[in-house]
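The values are calculated or read from the model by the stated rules, or taken from the named source; none is laboratory data. Here the structure is a predicted model, which is why all the values come from computation and not from measurement. Cβ sites come from the backbone with ideal geometry, for glycine too, and all protein chains shown count toward neighbours. Just so you know, the surface numbers come from the protein's heavy atoms only, side chains and all, with ligands and any DNA or RNA stripped out. Shrake-Rupley method; radii C 1.70, N 1.55, O 1.52, S 1.80 Å.
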Amino acid sequence: MSRPLVAIVGRPNVGKSTFFNKISGKRISIVEDTPGVTRDRVYADVEWLGRKFTLIDTGGIDPRSEDVLLKQMRRQAEIAMDTADVICFFTDARAGLTQDDQEVAELLRKTRKPLLLVVNKVDHAGLNDDVYEFYNLGLGDPISISSVNMLGLGDLLEEIVKLLSSIDMLISAEESIAMSLSKMRRGLIQQLFI
């Protein structure tokens, strides 16, 4: 069975690659303050609480840009969203809720995938109140983290594992129902020919 995929998406410079590197335990993705450094999808196999999954780091989504490079980065993020089992939508507490965040949230709603809203760069207690404005996205409870200071990462990973477990239960239930229907169908066919 293949590992479930967890995509990390959001606008440029919200700390996606920093999180990815911290969790993978390696400096796989390049981290810079300049938008556009991460351009393609980058993968890393990780494990949390005995649960294995694959993280996908993506470049920033600039929803309105017509720049060829930024459009290509957006396409790579869309591919990650399409293939992911769970999506972590990263935002930035210091920058606050932006129009780009709202537009990315709209793209994510259309995926109909399990989604976690992550507010990164909550580097000190004074920024905790800034998290509340992200409720305006309508994507559930924001999870506050600081990738740089490694604060709240365990809470986020625990939520990812919970979502993956819920997905596993749904798949198992669907398989069980399909098997029961198949047995019923065979039984009915046998009764018709007896």
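One table, with the values for the structure above:
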{"item": "From phi via Karplus (6.51, -1.76, 1.60), per-residue ³J(HN,Hα) for segment 62-75 in Hz, x at Gly/Pro", "result": "10, x, 9, 5, 9, 4, 4, 5, 5, 5, 5, 4, 4, 5"}
{"item": "Accessible area, probe 1.4 Å, largest first, for residues SER144, SER17, SER2", "result": "SER2, SER144, SER17"}
{"item": "Straight-distance crosslink candidates among lysines, where the alpha carbon sits under 23 Å from LYS26 and sequence neighbours closer than 8 are dropped", "result": "LYS16, LYS52, LYS121"}
{"item": "Extension gain (nm, one decimal) between LEU139 and GLN102, 0.36 nm per residue minus Cα-Cα", "result": "12.3 nm"}
{"item": "Solvent exposure, largest accessible area first (probe 1.4 Å, DNA, RNA and ligands not counted), of ASP57, ASP155", "result": "ASP155, ASP57"}
{"item": "Length added when fully stretched, GLU158-ARG109, from 0.36 nm per residue minus Cα-Cα", "result": "15.4 nm"}
{"item": "Solvent exposure, largest accessible area first (probe 1.4 Å, DNA, RNA and ligands not counted), of LYS52, LYS121, LYS16", "result": "LYS52, LYS121, LYS16"}
{"item": "Surrounding net charge for PRO63, when Lys and Arg each add one and Asp and Glu each subtract one, Cβ distance under 10 Å", "result": "-2"}
{"item": "Whole-percent carbon and sulfur share, accessible surface of segment 1-153, 1.4 Å", "result": "48 percent"}
{"item": "Sequence-distant lysines (8 or more away, or on other chains) whose Cα lies within less than 16 Å of LYS113", "result": "LYS162"}
{"item": "Solvent-accessible heavy-atom area per residue, rounded to whole Å², over segment 33-117 at 1.4 Å", "result": "49 Å²"}
{"item": "Peptides ranked, highest mean first, by Cβ atoms within 10 Å: ranges 69-82, 88-101", "result": "88-101, 69-82"}
{"item": "Mean separation of Cα contacts under 8 Å, 6 or more apart, over the residue count of segment 104-152: relative contact order %", "result": "41 percent"}
